[in-house]
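Student: Below is one structure. I have some questions about it.
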Amino acid sequence: MSTETAPATTESVETEHDHHPPHLQHHFVSSEQQFDSAKLGMWLFLITEILLFSALFVAYAVYRNWNPMAFAEASSTLDWVLGSVNTIVLLTSSLTVALSIHFIQKNDKQKTVISLLSTLVLAGGFLVIKYFEYMAKFEHGIYPGEAFAPTGSGYEYLAAIPYVPQFFSIYFVMTGIHGVHVVIGMGLIGWMAWRAHRGDFSDEWYTPVELTGLYWHIVDIIWIFLFPLLYLV
Amino acid sequence: MEAAAHAASQTDAEPRTYLNHETSLWEWLTTKDHKKIGIMYLISLAVVFLVAGLLAMAVRLELMSPDFSIMSASQYNQTFTMHGIMMVFLFIVPSIPAILGNFVLPLQIGAKDVAFPRLNLASWYVYIAGGALTVTALLVGELSTGWTFYTPYSSQQGTAVIFMTGAIFVSGFASIFTGLNFIVTIHKMRAPGMTWNRLPLFVWGLYATSIVQVLATPVVGITMLLLILEQTLQIGIFDPALGGDPILFQHFFWFYSHPAVYIMILPAFGILSELIATFSRQRIFGYRAIALSSVAIAMLGFLVWGHHMFVSGQSAISSIVFSLITYLIGIPSGIKIFNWIATMYKGSVWLQTPMLYALSFLFLFTIGGLTGIMVGVLGVDVHLHDTYFVVGHFHYVMMGGSVIALLGGMHYWWPKITGRMYNETLGKIAAGLVFVGFNVTFFTQLVLGSQGMPRRYYEYVDRFAELHMISTIGSFILASGLFLVLGYALHSLFYGKKAPQNPWAAATLEWTNVAAIPDPHNFTSTPLVTRGPYDFHKADEVFGGSGDGQARGDGAGSDASRLAPPEAAPSAPKEDASA
Ligand code: HEM
Ligand SMILES: [Cu+2]
């Protein structure tokens, strides 16, 4: 017989009747299968994120190549100190989110919640700093696109350089889309903290925390590329 | 669908099936069952296909003769634009994966569902949201950019473009969700014994498709977003007046849209392998070559987008390189065609309706692929670009390829989906009408294009009148065939003969191990797979036989030892085999 029915040979029977943890969805045979699937799914999603940003990086590269002067001048008005602080803030938050996974593996609920909450605070700090940076630009009429109209010392001279608005458009679009990802990440992390507090997770099952962590790392990594390209180079 | 469910539940002592289980509208709309989601997609896509098809008929009517007119020039622009956008982004790209992939994939690999059922449902809602945005775009203004949205024209158009590009951004997520779900499902949800070399080729086709969906779709998403920002804020990325580069838009657009044509055709290849193997009663020739050529096409497909831009002003060197890589695509495509033909050779070809579509596909896709190579030749394309020749080419591959395969697949899996048989005679007549109508419509367009008829033109000179008239007549034959399909499909839902479990005597799991109408959880117990998907000679539960391998279907043996093709009413599988 070829594709015969095999009632006794598969683990599914065992899992379904003897031991069925509450987190295991009915269409999976085992927790490992469910976990592996979720993780593979998340990795694929992260690939789509990278491709999404890659188009922006290509646009950056093309126009930087075409208008090197404009890019150099415009980029020099960005505050690299605030940028560096933000880089450190995000890197630290990646550490804390990694710690939360470490702690949940040790079944330490309290420390898990604390590390998630500190990630949340750091992410918030990142956005606050970003907010001040944006405001400092808006004050001087540095807007994306058509609204670009630099005023005040230190900015006025930009008006004379062609294609400077393009740099700022790219700057605002890239950091803006990154910022949206940070906000989404904060939502996820807050939700994880709440669920961890409620006791949803244990060393046996913490898939959502792990996936949120992966997502947060990619948000971090994208910033690691944005920062030098926009502020330093 | 409800009608079928209703009909099914009338007979008492009916076993539980996915159609008579949880039948309220609310339960349908919140279902996580991949089969029901497939049907929800089927209904939505059928509506889109109907609307976009009627738009095409309007275009053909307008072009019927130089002095006949049913609409103004600007209405004409809007009509072909909406036809193209709806057919490409809202119909063909999702079609085969979302309908048949959803329904069949878990059944073929022996899984209870896809890996992420909730994401699957979400994908349908996201798709519907994209549809809603499309309707909004129609309401708020005129859209006349063509389906390609080339800048700077598109970035200077009204709000309609914003909503339409928004719709494409949103429905792209539906595509990503489906692709992501399928990749994980294929990797992680296979039944015991379902090794990679035993995957049905439809699954391989879907796997390659999903890779393209996941890798290419985000790029069109961000492109559409940038176009929206260009419109609203004038960010100067695509608009040359602001220092932007319209060619960059074309690069981004085709970086998605060329791979997207493989999103359309790879699952069609998959269906074709199933049809050819089943209806030739023969183990597929070159299983690995077919499986891996799909993956090869998926990869190569990312390297040829520049062949759409030969006359757009990209550098000559890029054009030459893109042209050369484009030729390479012909190799894996050719490998497939030869393997299918070799499968039929000395097989016992059984000309049921799905097989008629498979044969149509072989014929039409070959023309489509060869004309593709022709426009891939740099020097030739300078003449043929933006003529009806290109229109003819892509209709041969998209309609003659994808849609014909979808039709074949729908007929093939119709009994499994609805539990009913369609009318075979009408099916054959419709397949004939579609084949003839299609060729009359589009072969003339190849000729028109080679004579210099430009695409997207509202008026044309008299010397093209005759061929345009023939093409319009052909489109009516084609449409009559398609409406005939719609008619007998609806009829069969209510009055069709009840389908047996395995009407085609196929050897893949969805036929051998799943009830006539599948159980809500697909399998009554997890299948254990011990043979390949087309090993008919080992599929004793399909053909009977003692299990000693005497019933040979591989075409290698003498006539006497070869399996006769099933007669008009194919032998139903033995009852006990399905248990
Ligand atoms: C052997 C494989 C193929 C080759 C070598 C090929 C080559 C080409 C080339 C060079 C063009 C550009 C012509 C021009 O604009 O002047 C083109 C256009 C096109 N092809 Fe193909 N193609 C192939 C298969 C396909 C398939 C399978 C599909 C879809 C299912 C497809 C869909 C299209 C579409 C939609 C266009 C027109 C885009 C537009 O300008 O609106 N092609 N093809
Ligand atoms: Cu192409």
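Student: Which semi-axes, in whole Å and largest first, does the equivalent ellipsoid of region A:31-232 have when worked out from the alpha carbon gyration tensor as the square roots of 5 times its eigenvalues?
Tutor: In descending order, the three semi-axes are 38, 18, 11 Å.
Student: Pairs of alpha-carbon atoms within less than 8 angstrom and 6+ residues apart define the contacts here; what relative contact order does region A:31-232 have, in percent?
Tutor: Relative contact order comes out at 33 percent.
Student: Okay, next question. Which ³J(HN,Hα) values in Hz, rounded to whole numbers, follow from the phi angles of region B:94-103 under the Karplus curve 6.51 cos²θ - 1.76 cosθ + 1.60, where θ = phi - 60° and Gly and Pro get x?
Tutor: x, 2, 5, x, 6, 8, 6, x, 4, 6
Student: Between B:Met421 and B:Asp519, what FRET efficiency comes out of the Förster formula 1/(1 + (r/R0)^6) with R0 = 25 Å and r the beta carbon distance, rounded to 0.05?
Tutor: After rounding to 0.05, the efficiency reads 0.80.
Student: For B:Lys188, give me every one of the lysines with a C-alpha distance below 20 angstrom, ignoring sequence neighbours fewer than eight places off in its own chain.
Tutor: Partners found: A:Lys39, B:Lys32, B:Lys35, B:Lys112.
Student: Considering all projection directions equally, how large on average is the shadow of the alpha-carbon convex hull of chain B, in square nanometres?
Tutor: If I average the Cα hull's projected area over directions, I get 25.6 nm².
Student: Give the calculated FRET efficiency between A:Ser153 and A:Val233 to the nearest 0.05, with a Förster radius of 25 Å applied to their Cβ-Cβ distance.
Tutor: 0.50
Student: What is the log10 of I(q)/I(0) for the protein assembly as shown, computed with the Debye formula using one identical point scatterer on each Cα and no solvent, at q = 0.05 Å⁻¹?
Tutor: -0.29
Student: On a full-extension model of 0.36 nm per residue, what is the gain between B:Leu54 and B:Ile341, subtracting their alpha-carbon distance, rounded to one decimal in nm?
Tutor: 99.8 nm
Student: Moving on to the next point. With θ set to phi - 60°, apply the Karplus curve 6.51 cos²θ - 1.76 cosθ + 1.60 along region B:116-123 and write out the HN-Hα couplings as whole Hz, x wherever there is a Gly or Pro.
Tutor: Karplus-based 3J(HN,Hα) across region B:116-123 equals 10, x, 5, 4, 4, 5, 4, 4 Hz.
Student: For n ≥ 4 DSSP H runs only, could you compute -39500 (n - 2.57) per run for the protein assembly as shown, divide by its residues and tell me the 222 nm figure to the nearest 500?
Tutor: Helix-only estimate at 222 nm: -22000 deg cm²/dmol.
Student: Provide the gained length on full extension for the span A:Ala160 to A:Trp191, in nm with one decimal, where the gain is 0.36 nm per separating residue minus the Cα-Cα distance.
Tutor: 6.3 nm
Student: A further question follows. Could you work out how far apart the two model spin labels at B:Thr530 and B:Ala122 are, taking each label as a point 7 Å from the Cα in the direction of the beta carbon, and quote it in nm?
Tutor: 4.1
Student: Net charge around A:Leu188, counting only other residues with Cβ within less than 15 Å of its Cβ (Lys, Arg = +1; Asp, Glu = -1)?
Tutor: Overall, the nearby charge balance is -3.
Student: Go through region B:232-247 residue by residue and turn each phi into a ³J(HN,Hα) via Karplus (6.51, -1.76, 1.60, θ = phi - 60°); whole Hz please, and just put x for glycine and proline.
Tutor: 7, 10, 6, 6, x, 8, 10, 8, x, 4, 9, x, x, 10, x, 5
Student: Here's something else I'd like to know. Sequence-distant or interchain residues sharing an amide H contact under 5 Å with B:Gly146, placed H: which?
Tutor: B:Thr81
Student: Residues of region B:191-227 with backbone nitrogen within less than 11 Å of a virtual label 7 Å along the Cα-to-Cβ line of B:Ser318, please, listed as ranges.
Tutor: none
Student: To continue, here is another question. Using the basic label-point model (7 angstrom from Cα toward the beta carbon), what is the B:Lys498 to A:Phe138 distance in nanometres?
Tutor: The two pseudo-label positions are separated by 6.9 nm.
Student: Output the relative contact order of region B:358-397, whole-number percent, from Cα pairs under 8 angstrom with separation of 6+ residues.
Tutor: 54
Student: According to a simple spin-label model (label point 7 Å from Cα along Cα-to-Cβ), what is the distance in nm between A:Trp43 and A:Ser202?
Tutor: Going from the A:Ser202 label point to the A:Trp43 one covers 2.8 nm.
Student: Can I ask one more? Which angle from 0 to 90°, rounded to the nearest 10, does the C-alpha axis of helix B:388-397 make with the longest principal axis of chain B?
Tutor: 20
Student: Same structure, new question: Rounded to the nearest 0.05, what FRET efficiency do A:Leu214 and B:Glu466 give with R0 = 45 Å and r taken as the Cβ-Cβ distance? Could you check?
Tutor: 0.15
Student: While we're here: PRE reach from B:Ser65 (point 7 Å along Cα→Cβ): which of region B:435-477 fall under 16 Å by backbone N?
Tutor: B:460-474
None of the figures in this text is laboratory data; all of them are computed from the coordinates on show. As the structure is a computational prediction, the values presented were derived from the model and not from experiment. Every residue, glycine as well, gets a Cβ built from its backbone with ideal geometry; the counts of neighbours run over all protein chains shown.
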